[in-house]
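Below you'll find the structure, written out as structure tokens, and then a few comments.
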Amino acid sequence: MKLQFIKKMDLRNERGQSAITLALLTITFLLLSGFALDTANMLIKKSHLQRALDAGAVAGITRYASGDASGTIADTARKMAVYNLQEMGISSDNSTVNAAFTTDADQIATLKLTGTINTKTLFMRLIPGAGLSTIITTGSSTARRNAAILSLVIDVSGSMSGSMTALKNAANAFVDSFEDGIDKMALISFADRATVLVPMGLVNKANLHSKINALTSNGYTGTSEAVVLGRKELETAVNPAAVRAMLIFTDGAPNVIRPIFTDANSAFVPKNSPAPPAAPVNYDYFLQLNTAPQPQLHGTSAAMPQVCTNAHTIAQCLNSFSYLDSRNKPGHFAHVTSFASPYTEMKKESYDLAVLESDYAKADNITIYTIGLGTESTVAGDPYQNVEITDRLKPVFLRRLANDPASAADPAFPGLALNNTYPNGTYLQTPNASDLTNLFKSIAQRIKLRLIQ
Amino acid sequence: MTELALVFPLLLVFILGTVEFGNIMMIALRATSLSREVTNAGFRDCAFLSDAAANTCLENTTEKVLSGAKLVLSKFADRGSIIATIYKHDPGQPTALVVQKIKGVGRPSRYTAGSIDQNIAATQERIVIGEIMYQYVPLTAIRNFLELVGFPTEIYEVTIY
């Protein structure tokens, strides 16, 4: 009897245990779920805040690039961040954004945005005494405007004679897009020969404007040498944080080649010299490719003899020569081995050399932008786009110089490869000189946006 | 057992809800990234080009982002939209649409030239708006319940540069 009572009592005592356990587990589970939900909500808010601050930072530093005052820059940044938050459904009552714009000793501009969002919790607030009714999410974003190091390379060949005023206006607008004493720029003009008019140095707008305004047009289009000088000027300026870029303007295809001609133990100057040199000799000549009836090899100084003029054909003149590029690597002249059509093949050589030199620049992490003025020669399937036409732009060539992503998408040239190891530049073109200023400004803006980090 | 039978459905709803919420959060974060990417690229690469060049540039940009979206969001081509728009504000002129690209299922933008903050537009001169819309389809059996209570099934993220 007593045993039965104890058993009944024990059983009675155990009843309801599962309910208590379940209730405790349920509460624990609900709290954990609630905690997870509040945490997830906070993370999403933090993501929104970060995105808004980034937008504000880019907007503000872009205004710096446009020349606004520091107060305007910070205000623009803050307003853009607040606008983004508002569009994301976060009111200014629950958020704060602050912006500070500074310029350091190296004239590097820095815009820093900080922000907070107050998020009311749904579940954490139920924990008594925890003070978790509101969670404050913080974020920050910093945008820097680094220095630009630029080579401005301008075609002043004879065909530019009717467009020089527009070109000068455009080049001056490009110069004005950058900052005195912060950015660096070299100015190079080219026709038969390329010339460094302003060596690489801190931007001095007055000096650059003066040199640009004094430009005159005359001669052929020696693109390869211009690319070489543009690269060499850029290589004189060392700043790991800076953006290096070269802008090449031209109104036609290359029709001058100026490598270092080398003579493999045979005569060159003059071709019919009675005593050929015993060792290889380098000759600093450039070759005009449009001269009729004969091409002209010109010495780079007045004292050098003119060779291969009337007495010799180009085949006689060049049939034993190769050349060195700007890095002393041998070129090929492979096109002219047969000399069946040496004029045509030498023109192709001038394209190839310019592309090769541009590749050296791009391998040095220099971004190349090209601007073309004129009508494009479009010949599908011919990468030289009819090399005999030298007074028209060759978009394949100019895109290739710039490593423009559009190269790879050109349906007329399915094999035209885009080199993904090189920086991507852009090729812009217009048939109207009056559009040049817009194109130059557009390139300047693209470079300036790359200065922003 | 009786108690468990009573509480189990409630617990199940919470568990499924937690799974769904986690999934929604993951999608929202990915949509956020896509929105930011398309806006950032559109602003830096395309916004300051001529109108014709901006058109080509934004087409290429949105195609690239669409490729990425298809990788990170399930069936994006059938459920999602990428809308990238460039507006310009020239001095003395009303804000105007430069170019708009819509990829995916093709939902319209929630913005017009008139609905943008005009002060911001005037200051910035060029504004790029990147919108991502994604139709969320619940993973679990809670789908019917969510539809019953009218749970919003479209995830929308926007970034403005």
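The values are calculated or read from the model by the stated rules, or taken from the named source; none is laboratory data. A quick note: this is a predicted structure, and the numbers were derived from the prediction, not measured. Please note: Cβ atoms are built from the backbone with ideal geometry, for glycine as well, and neighbour counts cover all protein chains shown.
If a residue must be assigned to a helix (DSSP H, G or I) and among the hydroxyl-bearing types (Ser, Thr, Tyr), how many such residues does segment A:163-177 contain? First the steps, then the outcome.
As a first pass, look at segment A:163-177 and keep what is assigned to a helix (DSSP H, G or I): A:163-176.
Retained after the next criterion (residues that are among the hydroxyl-bearing types (Ser, Thr, Tyr)): A:163, A:165.
The qualifying residues number 2.
Which residues, taken from segment A:93-127, are more than 27 Å from the chain's Cα centre (by Cα) and either of a type in the set (Phe, Trp, Tyr) or not assigned by TED's automatic domain parsing to the domain that holds A:ASP38 (or both)?
Taking segment A:93-127 first, the residues more than 27 Å from the chain's Cα centre (by Cα) are A:93-100, A:114-127.
Selection gives A:PHE123 alone.
On the basis of being within 11 Å of another protein chain (Cβ to nearest Cβ), more than 24 Å from A:VAL58 (Cα to Cα) and touching a residue at least 12 places away in the same chain (Cβ under 8 Å), does B:ILE24 make the cut?
So B:ILE24 fits the description; yes.
Examine segment A:357-371 for a residue that is assigned by TED's automatic domain parsing to the domain that holds A:GLY158 and either farther than 26 Å from A:LEU324 by Cα or at pLDDT below 80 (or both), and state whether such a residue exists.
Step one: list which residues in segment A:357-371 are assigned by TED's automatic domain parsing to the domain that holds A:GLY158, which gives A:357-371.
Restricting the remaining residues to those that are either farther than 26 Å from A:LEU324 by Cα or at pLDDT below 80 (or both) gives A:371.
Yes: segment A:357-371 contains one or more residues that are assigned by TED's automatic domain parsing to the domain that holds A:GLY158 and either farther than 26 Å from A:LEU324 by Cα or at pLDDT below 80 (or both).
What's the number of the only condition in (1) loosely packed, with under 12 Cβ neighbours inside 10 Å; (2) at pLDDT below 90 that B:LEU146 fails to meet?
For B:LEU146, the failing item is (1).
So A:MET160 passes all but one of these: (1) hydrophobic (A, V, I, L, M, F, W, C); (2) assigned to a strand (DSSP E or B); (3) in contact with an Asp or Glu (Cβ under 6 Å, 6 or more places away or on another chain). Which condition number does it fail?
(2)
Take B:THR32 and decide whether it is within 14 Å of chain A (Cβ to nearest Cβ) and more than 15 Å from the chain's Cα centre (by Cα).
Considered against the rule, which asks whether it is within 14 Å of chain A (Cβ to nearest Cβ) and more than 15 Å from the chain's Cα centre (by Cα), B:THR32 comes out as no.
For segment A:418-453, how many residues meet the condition of being surrounded by fewer than 19 Cβ atoms within 10 Å (Cβ to Cβ), of a type in the set (Val, Ile, Thr) and within 10 Å of chain B (Cβ to nearest Cβ)?
Residues in segment A:418-453 being surrounded by fewer than 19 Cβ atoms within 10 Å (Cβ to Cβ), of a type in the set (Val, Ile, Thr) and within 10 Å of chain B (Cβ to nearest Cβ): 1 in total.
On the given criteria, is B:GLU154 charged (D, E, K, R), farther than 17 Å from B:ASN40 by Cα and either loosely packed, with under 15 Cβ neighbours inside 10 Å or at pLDDT below 90 (or both)? Before you say what the answer is, go through the steps one by one.
On the way: charged (D, E, K, R): yes; farther than 17 Å from B:ASN40 by Cα: yes; either loosely packed, with under 15 Cβ neighbours inside 10 Å or at pLDDT below 90 (or both): yes.
Here the answer is yes, as B:GLU154 does meet what is asked.
Would you confirm whether or not segment B:70-88 contains a residue that is surrounded by fewer than 15 Cβ atoms within 10 Å (Cβ to Cβ) and farther than 29 Å from A:LYS45 by Cβ?
yes
Pull up segment A:174-188, narrow it to residues that are farther than 13 Å from A:ALA245 by Cα and among the aliphatic types (A, V, I, L, M), then point me to the one that is modelled with the highest pLDDT.
A:ILE188
Taking only segment A:68-122 into account, find how many residues are among the polar types (S, T, N, Q), within 15 Å of A:LEU53 (Cα to Cα) and assigned to a strand (DSSP E or B).
Residues that pass the stated criteria total 6.
Give just the number: which of (1) within 14 Å of chain B (Cβ to nearest Cβ); (2) in contact with a Phe, Trp or Tyr (Cβ under 7 Å, 6 or more places away or on another chain) does A:ALA109 not satisfy?
(1)
Residues B:VAL38, B:VAL65: which one is surrounded by 16 or more Cβ atoms within 10 Å (Cβ to Cβ), modelled with pLDDT of 90 or more, more than 14 Å from chain A (Cβ to nearest Cβ) and in a helix (DSSP H, G or I)?
On the way: B:VAL38 fails: more than 14 Å from chain A (Cβ to nearest Cβ).
Answer to the selection: B:VAL65.
I'd like the residue in segment B:45-62 that is among the small types (Gly, Ala, Ser), assigned to a helix (DSSP H, G or I) and within 10 Å of another protein chain (Cβ to nearest Cβ) and, out of all such residues, is farthest from B:ILE127 (Cα to Cα).
Within segment B:45-62, the match that is farthest from B:ILE127 (Cα to Cα) is B:ALA53.
Could you look through segment B:101-119, keep only residues that are facing chain A (nearest Cβ under 10 Å) and in contact (Cβ under 8 Å) with a residue 24 or more places away in the chain, and pick out the one that is nearest to A:MET80 (Cα to Cα)?
Out of the qualifying residues, it is B:ILE116.
Among (1) in contact with a Leu (Cβ under 8 Å, 6 or more places away or on another chain); (2) under 30 Å from A:ARG446 (Cβ atoms); (3) within 9 Å of chain B (Cβ to nearest Cβ), where does A:ASN41 come up short?
(2)
Of the numbered conditions (1) away from chain B (no Cβ under 11 Å); (2) within 22 Å of B:ARG126 (Cβ to Cβ); (3) among the small types (Gly, Ala, Ser), A:ALA81 fails exactly one; give the number of that condition.
It is condition (1) that A:ALA81 fails.
For segment A:184-266, please list each of the strands (runs of 3 or more DSSP E) lying entirely inside it that holds at least 3 residues being surrounded by fewer than 16 Cβ atoms within 10 Å (Cβ to Cβ).
Strands (runs of 3 or more DSSP E) meeting the threshold: A:194-202.
For segment B:81-118, how many residues meet the condition of being at negative phi and either of a type in the set (A, V, I, L, M) or under 12 Å from the mean Cα position of the chain (by Cα) (or both)?
Count: 18.
Can you tell me how many residues within segment A:44-71 are of a type in the set (Lys, Arg) and more than 8 Å from chain B (Cβ to nearest Cβ)?
Counting residues in segment A:44-71 that are of a type in the set (Lys, Arg) and more than 8 Å from chain B (Cβ to nearest Cβ) gives 2.
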